[in-house]
Structure formats: C-alpha cells, structure tokens
1. Among the residues of the stretch 61-75 satisfying the criterion of being at pLDDT below 90 and not in a helix (DSSP H, G or I), which is surrounded by the most Cβ atoms within 10 Å (Cβ to Cβ)?
2. Does residue 34 satisfy the condition of being loosely packed, with under 13 Cβ neighbours inside 10 Å and over 20 Å from the mean Cα position of the chain (by Cα)?
3. Tell me which residues, restricted to the stretch 130-186, are out of contact with any strand residue (DSSP E or B) (no Cβ under 9 Å at 6 or more places or on another chain) and modelled with pLDDT under 85.
4. Considering only the stretch 105-119, how many residues are loosely packed, with under 14 Cβ neighbours inside 10 Å and touching a helix residue (DSSP H, G or I) at 6+ places or on another chain (Cβ under 8 Å)?
5. Taking the condition modelled with pLDDT of 95 or more and touching a strand residue (DSSP E or B) at 6+ places or on another chain (Cβ under 8 Å), does residue 210 pass?
6. Among the residues of the stretch 82-103, write down those that are surrounded by 14 or more Cβ atoms within 10 Å (Cβ to Cβ) and either at pLDDT below 75 or assigned to a loop (DSSP other than H, G, I, E, B) (or both).
C-alpha cells in the first residue's frame with residue numbers, strides 16, 4: 001500500500017531526481033538528502049517508513065549514518081545503495097543494521113520490489129508472519145520465551161533487543177523446531193523474494209541471533225548449522 005514516507009539519500013543529483021520522480025508516481029511521499037549529515041537531520045525530523053541510503057556520501061558515509069540511526073533506536077527498513085561489488089561492503093552494511101542492499105546499476109522494477117517487500121514485512125502482524133497463522137500466543141524453550149503477539153523475546157526474564165527480521169527469523173525457526181530449513185527457504189519466507197542467490201544475509205542474521213540467545217555463540221546449542229543445507233532450531 002503506497003502513501004508511506006520514503007527518504008532517499010543520494011549525492012548523485014540526477015539519480016536522486018529520477019528516484020524521487022519514480023517513487024512519487026508510485027504514490028510514496030518522498031523526502032531527499034544529499035549527504036550524511038543532512039540524512040540524519042531529515043530522518044530524525046520526518047521519521048520515514050523506509051530509507052534508501054547510498055553508501056558513498058559526503059560528510060558521513062552511508063554506513064556511519066546507518067550505525068548512528070540504529071544506535072538511536074530508529075527501526076525503519078534501510079535499503080543501501082552501493083556501486084561496489086565487494087562482499088565486505090554488503091556484510092558490513094548488514095552488520096550495522098541495514099535490512100537490504102542493491103548494487104548499482106539497478107532497475108526501477110527491482111528497487112520497487114525491494115521497497116514493497118520491506119514495507120510489507122514491517123506491516124505484518126504475528127498472524128501474517130508465514131508459518132505463524134496457527135501459532136499459540138507464545139513459545140517457550142527453557143529460559144527462552146518468544147511472545148508472538150507482542151513480537152518480544154525474553155531470555156531468563158530479560159527482554160532482548162531484536163530487529164523485526166531477527167524476530168521473524170527466530171520465530172520461524174522456533175515454529176519449525178527440529179526441522180532443517182535451507183537458507184533459500186529462509187530468504188523466501190523471511191525476506192519475501194528471490195535474493196539473487198546471495199544467502200550471506202541469512203548467515204549474518206543467524207550470527208546476530210546466536211550472540212543474543214546462545215550461552216556460547218561460538219558453540220551454539222539452540223540454532224544449529226547443518227553444513228551445506230541451512231539451519232535448525234533445537235530450543
């Protein structure tokens with residue numbers, strides 16, 4: 001459903017103008033910024049529903065902007081634009097809290113698909129998360145409590161700070177306890193579209209979850225890796 005607020009941060013004026021025009025025609029309310037410092041100011045003032053953030057920016061680069069916004073507690077989806085193809089840039093962006101990335105040059109159709117998928121995930125209720133339609137209000141595994149209705153996870157009685165996708169990933173794995181789920185299936189179920197064969201984002205999010213719910217993330221006992229296939233949740 002269009003009408004959501006999107007902030008585009010891009011220092012290439014031609015690309016910025018083109019994206020603003022195209023997204024406005026799709027019904028989105030579009031704001032823009034051309035450097036990192038302005039991006040922070042606009043994001044804080046307007047609280048966009050989604051941000052399209054170029055990595056290479058004047059003042060502050062996109063990675064630093066992402067890090068600051070996540071540290072301040074802003075949870076809107078961040079779609080990073082990069083002209084670089086090195087995997088390290090993609091992984092660093094994900095580790096700093098980006099939800100997705102797209103490499104230049106890209107098609108408008110692909111960008112719109114990414115935007116719609118991200119916004120759809122944000123708008124999901126617990127019933128709408130794939131695999132949870134018949135889920136009970138909560139799941140408990142020892143000292144780990146997953147509250148499906150409130151999208152909250154507690155460990156030993158203490159609430160954990162999980163991003164929306166971290167919660168969806170954990171909930172999906174927990175609902176399929178003991179089953180081996182492939183990375184491709186997790187991408188389809190949690191991210192909602194074909195991810196061009198790049199499953200690194202699943203691995204990054206699994207690592208984040210392990211750091212939060214495992215006693216020893218290096219030797220996990222809740223989320224196990226099945227070599228060459230994917231992951232399974234043992235509780």
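1. Applying the filter and picking the extreme gives 74.
2. When the stated conditions are applied, residue 34 does not pass them.
3. Selection gives 130, 131, 132, 133, 134, 135, 136, 151, 163, 164, 165.
4. 1
5. So residue 210 fits the description; yes.
6. Passing the criteria: 89, 90, 91, 92, 93, 94, 95, 96, 97, 98, 99.
The values are calculated or read from the model by the stated rules, or taken from the named source; none is laboratory data. Nothing here was measured: the structure is a model prediction, and the numbers come from that model. For neighbour counting, all protein chains shown are included, and Cβ atoms are generated from backbone atoms with ideal geometry for every residue, glycine included.
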